[in-house]
Structures are given as structure tokens and as C-alpha cells.
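J.: Have a look at the structure that comes next, please.
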Amino acid sequence: MSAPPPARQPDLSLRRAHAGDETFLLELRRATMTEHLLRAGEPVDEATHRARLLDRYDDAQVICVDGAPAGLLKAFRNDAGWFVEQLQIAPAFQRRGIGEQVLRVVLRAAVAESVPVALHVFKDNPAKRLYDRLGFEIVGADDRQFHMRVAARTPADTEAERMSDKD
């Protein structure tokens with residue numbers, strides 16, 4: 001009896017969000033953010049969810065798995081570096097490494113430009129473990145969120161790290 005073939009890696013892609021994505025993205029926001037917002041004492045009404053979704057909508061990218069919408073990434077470049085405004089993965093796609101893969105896209109862009117990456121995360125959000133694992137460090141906080149950052153690195157830094165991992 002032969003072993004089963006290895007599991008196929010899903011095809012992960014990012015595409016610009018368009019107006020037709022709003023229904024999916026609102027449902028995604030409600031499914032992934034409502035519990036965190038409630039614990040933080042933030043409003044969770046439809047108007048507030050819609051306003052947050054539409055904020056910086058030109059930076060919104062739909063995360064697709066095998067062509068199907070599975071999440072949202074809003075990240076943008078400013079004078080200080082890259083900022084991850086929102087990262088939401090649909091519950092059915094969580095804990096599959098999709099968020100990590102998407103963040104690595106942003107981290108690679110930052111390395112190519114030798115700039116840092118920053119984000120904010122609710123203090124009780126389990127996603128903080130992912131950010132810790134990827135090298136984000138807490139650089140500040142407010143009553144609800146940690147402000148996290150990965151310092152600027154150059155392509156030479158990352159190559160040196162890869163070489164030392166082989167030793």
C-alpha cells in the first residue's frame with residue numbers, strides 16, 4: 001500500500017477590492033472583528049462596520065484561496081514604512097497559515113525597500129501570537145491595542161539570516 005499524496009498547497013493570491021466585494025467584506029468584518037470590538041467597548045453597528053471597511057478602500061486587497069475570497073488585507077506605504085491597517089481571514093480559512101503568507105508578502109516588500117512594518121492589534125486578539133512569531137515587537141500601546149513593529153531590514157540582512165540558519 002502506498003502513502004497518500006502530499007496535500008496540495010492552496011493557490012493564494014491578492015487582488016484589488018472592488019465595489020462588488022463590499023458585501024463579502026462586510027460579512028468578513030462582522031465575523032472576524034465583532035467579538036474583539038465588543039470586548040474593547042467599540043461600536044459594532046452596521047454604519048460603523050461600513051465606515052471602517054470603506055476607510056482606505058483604495059488600499060484594500062481581497063485575499064483569495066483557489067480563486068475564492070477568503071480574507072482582506074489593507075496595507076499601505078507611508079513616509080515611515082509599511083502599515084498593515086487590517087488583516088482579516090474568514091473563519092473557515094483560519095489556522096491554515098494564510099495570514100502568515102500574506103504578511104510575508106508585506107514583509108518582503110519592506111525588506112526590498114529597507115523600511116519597517118507596523119500594525120495595531122487588539123490586546124486580546126489571538127493574531128498577536130502570529131505577529132510575535134513573525135518578529136513584530138510591541139513599541140507602544142493604548143488602553144485597547146498594542147502598537148507593533150518589525151524594524152527595517154535590508155536584503156543583505158535577510159540573506160545573512162538565511163545563511164546563519166544553515167549553519
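J.: Test of understanding: ordering 115, 150 by Cβ neighbours within 10 Å, fewest first, what list do you get?
T.: Ranked by crowding around the Cβ, least crowded first: 115, 150.
J.: Once amide H atoms are placed 1.01 Å from N in the peptide plane, what residues at a sequence separation of 5 or more from residue 115, or on another chain, have their amide H within under 5 Å of its amide H?
T.: The answer is 153.
J.: Rank the residues 153, 50 as a footprinting-exposure proxy: fewest other Cβ atoms within 10 Å of their Cβ go first.
T.: If I rank by nearby Cβ atoms, fewest first, I get 50, 153.
J.: Same structure again: In which sequence would 144, 29, 15, 95 go, from the one with the fewest C-beta neighbours within 10 Å to the one with the most?
T.: Placing the least packed residue first, the sequence is 95, 15, 144, 29.
J.: Per DSSP H run of n ≥ 4, the term is -39500 (n - 2.57); total these for the chain, divide by its residue number, and report the mean residue ellipticity at 222 nm rounded to 500 deg cm²/dmol.
T.: Computed ellipticity for the chain at 222 nm equals -11500 deg cm²/dmol.
J.: When Lys and Arg each count +1 and Asp and Glu each count -1, what net charge do the other residues less than 12 Å away from residue 122, Cβ to Cβ, add up to?
T.: Summing Lys and Arg as +1 and Asp and Glu as -1 gives -1.
J.: Something else: Can you tell me the length gained on complete extension of the stretch residue 114 to residue 51, counting 0.36 nm per residue apart and subtracting the Cα distance?
T.: Taking 0.36 nm per residue and subtracting the Cα distance, the gain is 19.4 nm.
J.: Output wanted: per-residue J couplings in Hz (rounded whole) for region 125-132, from phi through Karplus 6.51 cos²θ - 1.76 cosθ + 1.60, θ = phi - 60°, x for Gly and Pro.
T.: Couplings: 7, x, 4, 4, 4, 4, 4, 4 Hz.
J.: Right, another one. Between residue 60 and residues 5 or more places away or on another chain, which pairs have amide H atoms under 5 Å apart, with H built 1.01 Å from N, and which residues are they?
T.: Close amide H contacts, sequence-distant or interchain: 17.
J.: Additional query: Given charges of +1 on the Cβ of Lys and Arg and -1 on the Cβ of Asp and Glu, with all other atoms neutral, how large is the dipole of the chain about its Cα centre, in debye to the nearest 20?
T.: 320
J.: Starting from the eigenvalues of the Cα gyration tensor, five times each then square-rooted, give me the equivalent ellipsoid semi-axes of the chain, largest first, whole Å.
T.: 27, 23, 16
J.: So if each residue of separation counts as 0.36 nm, and I subtract the Cα-Cα distance between residue 76 and residue 105, what length gain in nm does that give?
T.: Value of the extension gain: 9.2 nm.
Bear in mind these aren't lab numbers, they're just calculated from the coordinates by the rules spelled out. Keep in mind that what you see is a predicted model, and the values were worked out from it rather than measured. Ideal geometry is used to build each Cβ from the backbone, glycine not excepted, and the neighbour counts take in all protein chains shown.
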